[in-house]
Amino acid sequence: NDRLHVLGGLRLAYLGIDNYSPSIARTDKTSETKVLPRFGVVYDLSPMASVYAGYSEGMKGNPFAFYTGTPEPETSRQAEIGLKFGDEETLSGNVAAFVIERRNTLVADPLTLGLTSIPVGEQRSRGVELDLAWKPADRWKITSNFSIVDAQLTKDIPFGAPAGTPLPFVPRQSGGLWVSYDLTDASGNGWSLGAGVHGNSSSFIWTGSAYEVPGYATADLGIGYKLNGLTANLSIKNVFDREYFTAYEYLDGRVAKGDGRTIQFSLTNRF
């Protein structure tokens with residue numbers, strides 16, 4: 001069918017883990033083979049719009065962990081539906097709804113006071129994402145993105161957080177806006193300018209914690225110059241030196257100060 005496009009596949013995945021803990025003189029081994037399907041379909045509503053759906057499964061190991069007992073592979077399932085629309089010259093975008101489920105994620109073992117981990121966690125993330133790109137004039141381009149994500153436990157952690165607890169490090173809302181102005185000539189040489197803002201809502205600092213880092217927004221600037229194969233870029237991150245904090249993913253319940261004003265320069269030559 002001219003409007004219908006289908007993609008399907010199977011991947012045979014093998015995962016082997018040899019886990020040795022010299023401090024307790026213990027060796028544990030895991031070996032698992034799994035068939036991982038992948039499926040996608042796109043239907044063209046018109047030359048300017050298409051709807052799509054996809055499904056895939058995955059498997060991975062978490063090697064850098066101290067296990068209680070035998071390691072287990074982490075498995076995942078992902079499904080997504082969405083709409084793509086527009087063209088490359090004026091307005092284009094994508095809106096999608098998704099759900100991701102993970103099993104055998106690592107959680108702290110309460111019997112060892114969190115010194116070791118057990119692969120019994122189950123999690124689910126679901127939400128909506130929106131991306132837009134608009135060219136209001138010949139040299140102007142505006143890009144934006146926004147997402148809403150509900151990420152939570154779907155199974156009680158033994159002697160820990162119950163199902164329904166929000167996952168840490170995941171802001172419920174996040175998004176950004178970037179405006180660029182292109183002064184390059186027909187050969188692609190010349191100046192380009194850009195400015196934008198990015199923000200996150202608050203997020204929890206650890207699973208089951210009542211504490212959150214507050215939401216924040218930072219502004220960025222960029223300027224570039226291209227001459228034949230030589231490209232120079234200067235960017236300023238967090239222009240107004242906004243103070244903010246992020247959850248620290250190591251050591252339970254800690255936070256880290258976000259990057260202050262940062263100036264970066266890069267020079268690239270292509271030949």
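The values are calculated or read from the model by the stated rules, or taken from the named source; none is laboratory data. Predicted, not measured: the structure shown is a model, and the values here were computed from it. Note that we place each Cβ from the backbone using ideal geometry, even for glycine, and neighbour counts take in every protein chain shown. Heads up: the accessible areas ignore ligands, DNA and RNA and are worked out on the full protein's heavy atoms, side chains in. Shrake-Rupley method; radii C 1.70, N 1.55, O 1.52, S 1.80 Å.
For segment 71-222, the convex hull drawn through the C-alpha positions has a volume of 155 cubic angstrom per residue. Rolling a 1.4 Å probe over the protein heavy atoms of the chain, with every protein chain left in place, gives an accessible area that is 58 percent carbon and sulfur.
Based on protein heavy atoms only, segment 1-61 ends up with 72 Å² per residue of surface accessible to a 1.4 Å probe. Net charge near Asp259, counting Lys/Arg +1 and Asp/Glu -1 over other residues with Cβ under 13 Å of its Cβ? Around Asp259, the surrounding residues sum to +1. Tell me the relative contact order for the chain as a rounded percent, counting alpha carbon contacts under 8 Å between residues six or more apart. Relative contact order, the chain: 9 percent.
Rolling a 1.4 Å probe across the protein heavy atoms gives segment 122-271 an accessible surface of 63 Å² per residue. For GluC sites (Glu not before Pro), the sites in segment 185-271 that DSSP calls loop and that have at most 13 other Cβ atoms within 10 Å are Glu243, Glu249.
Against the set (1) 18.8; (2) 20.5; (3) 22.5, the structure's computed Kirkwood radius over Cα pairs in Å falls on (3). Note: segment 109-152, Cα convex hull, 115 Å³ per residue. Ser147 sits among other residues whose Cβ lies under 15 Å from its own Cβ, and their net charge, with Lys and Arg +1 and Asp and Glu -1, is -2.
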